[in-house]
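Q: Have a look at this one.
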Amino acid sequence: MSKPLVPDTVLEEPVIAQHYLVCGNGNCEKNCQFYCNPCHLPMCEQCREKHQKSPDTKNHEVVPYRQRRRELPVEKCKDHPTKEIDILCEDCKVPLCYKCALQDHQKHTLTDLETIYSERFTLYLREIHKIHQYFLPTTKDIQSDIKEEAKNIKAVMDKIRESMKSGAEFLKSLVDTVTSDNIEQVNKIEESIVENLQSQENKYKEYICYLEDLVKEFQGYLSSTKLQNNPIIFSFSDQLKIQPIPKTTKPVPPVFTAGQCSKEDVVKLLGRVIVSNTKPENREIKHTKNASTQLKLSGKQRKQDDGKSDMKPTLSLSSSVTKVREYTVPGVDSVCHISLGKSGKIWASDHVGNLVQTDLAQENRLQNIQTSGGSEGYHTVTKDEVLIYKGLKNKVVKRITVDNTITEYIKTGDWEPLSIHSSHINGDILIGMRNGKDAKVTRYNKTGEEIQNIQRDNKGQGMYKYPHYITENINSDICVSDLNKGAVVVVDKSGRCRFCYRGPWSTSLPFGICTDLLGHIIVCDGCTMNRTVYILDQDGQILFRPTIQQGIVYPRSVCVDDENNLHVGQWNNSKVKVFKYLQ
């Protein structure tokens, strides 16, 4: 094992990883596993045995390191500068030194201040832990939901505005059409009336000409000096008959009835925005399993808590890794990916498309399926023991039920599926895929319906290049090993990039990836120079790195079983090593 990778931090609540610590006894550099409370000394197992055998320290309280008592900060008494404050008067609620206790607080309830300090220190650590593990992630999830809702609301409002504009444009078009029709009708009526008036005018022109001609004729009669055949004498009655003035009608102009249109009429035509009177629903806040820690404890409560030492300890990352077994997967020449079920059976695949089901108890092969997969995590087992995998056709994902019924499950179109994971949170299927130089992660629901695509960051840049292994963490983060990017890419459930882990060297090649019940991210580094497995926390900080000393030579695949053991498959052989890494 190497020296500490990160310092011992305040996030040392039981469910937080225990970092590697060195024994504090002299020049001893072994693992620190224990702690002497009176001496405030971290020690390894061998030094603990010596410590407890020594006549001077054999009665000291030595506890596992994670159960240690926190050392009280040194503070001198103001009234007795040579004495340290190490007593609490519970009646007066003041810290005291030994002399103060003897002088003014003899009949009061006095308590060891270091005990109280250690208890309170631990309680505050738990609260800090809950803030980091529950309150902050939950609040950030809600904050993320609010941002998503703001985007959705903007989209809804844009759609409403677009609908309003479209309705207005349509109404304007109708108004223009009706106005045009009305004007055309007026023009035709005008044309008809004017034509009739012109006809009447022509009629009177002709009549005037007739009258003028008649006047000339009569004047000719009057100017004649002859009496023979004179019309005045002989045709008087006939000649004096004048044609009557032609009768005509006056034009009747049309009457325009203006439309009666109010704002309300327009609103009825265009519609209105209605603010819903539905009472807003409260946002769902997931509840932490443990109630909030009570920080104020009386002396009686502390005594009661002291008796609760039989509670089951919480798991944490061990300071060392122990190999517990090794098994062989028949039918493969490398173990590139492992999918564990709950029935004591596993599915494992190699780099040439062999997908084999094996009984762990007998180590015998149960099924063998030929696929188009390679060195990718292209299969997964659901909570219902259904195998989902990439079939022989590159762009078809199949499923096999417990009764060995095979059906086509998802068709990915132009995209080639590389990695598949079944969410143990909600049963969704996550698939890493590529299309030429483009790559993405797509989420499907249980029925195979596409519900989310994750491809680009908030700057429009592609987040993936070759997502060949994929998993999901307990906080719904999607964790992807991207071979061509040389990084572990982690996004939250909304698809927002949280971090990229590239390893301590530029030569890192991330392969198999999984998570455990503590939210650790466990990933294989396939580079032959590194040959290791990294254990990261949820934020991408490295916690632990098993080396070749643990027997890991060419790690390719990882998974964690129901007993919290780590299975590591390797390149170039069919053996899987199983390690205990939690305590």
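Bear in mind that the values in this text are calculations on the coordinates, not laboratory data. Everything numeric here is computed off the predicted structure, so don't read it as measured data. Heads up, the Cβs are rebuilt from the backbone with ideal geometry, glycines too, and the neighbour counts pull from every protein chain shown.
Q: Which pairs in the list 159/279; 154/279; 147/172; 154/440 are over 28 Å apart, alpha-carbon to alpha-carbon?
A: Correct reply: 147/172.
Q: Round to the nearest 10 and give me the degree value, 0 to 90, for the angle of helix 113-130's Cα axis relative to the longest principal axis of the chain.
A: 30
Q: Using only helices, what value at 222 nm comes out for the chain when you add -39,500 (n - 2.57) per DSSP H run of length 4 or more and divide by the total residues, to the nearest 500 deg cm²/dmol?
A: Values: 8 runs with 146 residues, N = 583.
Only helices count here, giving -8500 deg cm²/dmol.
Q: Sort 514-520, 27-33 for me by packing, meaning the mean count of neighbouring Cβ atoms within 10 Å per residue, highest on top.
A: 514-520, 27-33
Q: Given that just one value was derived from the coordinates, which of [x] 111, 30, 18; [y] 63, 28, 25; [z] 96, 39, 18 is semi-axes √(5λ) of the Cα gyration tensor in Å?
A: Of the listed options [x] 111, 30, 18; [y] 63, 28, 25; [z] 96, 39, 18, [z] comes from this structure.
Q: So how do 193-202, 248-257 stack up, highest first, on mean other-Cβ count within 10 Å? Let's see the in-between values first.
A: Numbers: 193-202: 11.7, 248-257: 8.5.
Descending packing order for the listed peptides: 193-202, 248-257.
Q: Mind listing the phi-derived Karplus ³J(HN,Hα) values for the stretch 444-455, rounded to whole Hz, using 6.51, -1.76 and 1.60 with θ = phi - 60°, and x for any glycine or proline?
A: Using θ = phi - 60°, the values come out as 10, 7, 4, 8, x, 8, 5, 10, 7, 10, 10, 9 Hz.
Q: For residue 96, enumerate residues with amide H under 5 Å from its amide H, sequence gap 5+ or separate chain, H modeled in the peptide plane.
A: Those lying under 5 Å, H to H, from residue 96 are 86, 87, 88, 89.
Q: When the Cα centres of the stretch 366-413 and the stretch 318-344 are compared, how far apart do they sit, in Å?
A: Taking the Cα centre of each part, the stretch 366-413 and the stretch 318-344 sit 20 Å apart.
Q: Give the calculated FRET efficiency between residue 359 and residue 517 to the nearest 0.05, with a Förster radius of 25 Å applied to their Cβ-Cβ distance.
A: 0.50
Q: Could you check the spin-label model distance between residue 484 and residue 82? Points 7 Å from the Cα along Cα→Cβ, value in nm.
A: 7.7
Q: May I pose another question? Check cross-link reach from residue 580 to the lysines: straight Cα distance under 24 Å, and skip same-chain residues fewer than eight apart.
A: 3, 30, 312, 323, 342, 345, 383
Q: Now, a different point. Name the residues whose placed amide hydrogens come within less than 5 Å of the amide hydrogen of residue 484, ignoring near sequence neighbours (fewer than 5 apart) on the same chain.
A: Under 5 Å from the amide H of residue 484 lie the amide H atoms of 466, each far enough along the sequence or on another chain.
Q: Given a Förster distance of 30 Å, report the FRET efficiency between residue 572 and residue 342 from their Cβ-Cβ distance, rounded to the nearest 0.05. Show your work: numbers first, answer last.
A: On the way: r = 29 Å, r/R0 = 0.98.
With a Förster radius of 30 Å, E is 0.55.
Q: Additional query: Quick one: Karplus J couplings for the stretch 462-478, per residue in order, coefficients 6.51, -1.76, 1.60, θ = phi - 60°, nearest Hz, x for Gly and Pro?
A: Coupling constants for the stretch 462-478: x, 8, 10, 10, 8, x, 8, 9, 8, 7, 10, 8, 5, 9, 6, 5, 9 Hz.
Q: Just to confirm the number: angle between the C-alpha axis of helix 136-223 and the first principal axis of the chain, 0 to 90 degrees, nearest 10?
A: 0
Q: Can you tell me the order of 559-568, 66-75, 328-337, 207-216 when each peptide is scored by its average per-residue count of other Cβ atoms within 10 angstrom, highest first?
A: 328-337, 559-568, 66-75, 207-216
Q: What FRET efficiency, computed as 1/(1 + (r/R0)^6) with R0 = 25 Å and r the Cβ-Cβ distance, is obtained for residue 248 and residue 179, rounded to the nearest 0.05?
A: With R0 = 25 Å, the Cβ-Cβ based efficiency is 0.15.
Q: Considering only DSSP states other than H, G, I, E and B, which chymotrypsin sites (Phe, Trp or Tyr not before Pro) in the stretch 378-413 qualify as loop sites with at most 14 other Cβ atoms within 10 Å?
A: Filter output for the stretch 378-413: empty list.
Q: In addition: What is the spin-label model distance, in nm, from residue 333 to residue 93 if the labels are put 7 Å beyond Cα along the C-beta direction?
A: 7.6
Q: Give the long-range amide H neighbours of residue 532: residues separated by 5 or more places, or on another chain, with amide H under 5 Å away, using H modelled in the peptide plane at 1.01 Å from N.
A: HN-HN under 5 Å from residue 532: 525.
Q: Using θ = phi - 60° and the Karplus curve 6.51 cos²θ - 1.76 cosθ + 1.60, what whole-Hz ³J(HN,Hα) does each residue of the stretch 46-62 get, with Gly and Pro shown as x?
A: With the stated coefficients, the stretch 46-62 comes to 5, 5, 4, 4, 5, 4, 7, 8, 5, x, 6, 10, 5, 9, 5, 7, 10 Hz.
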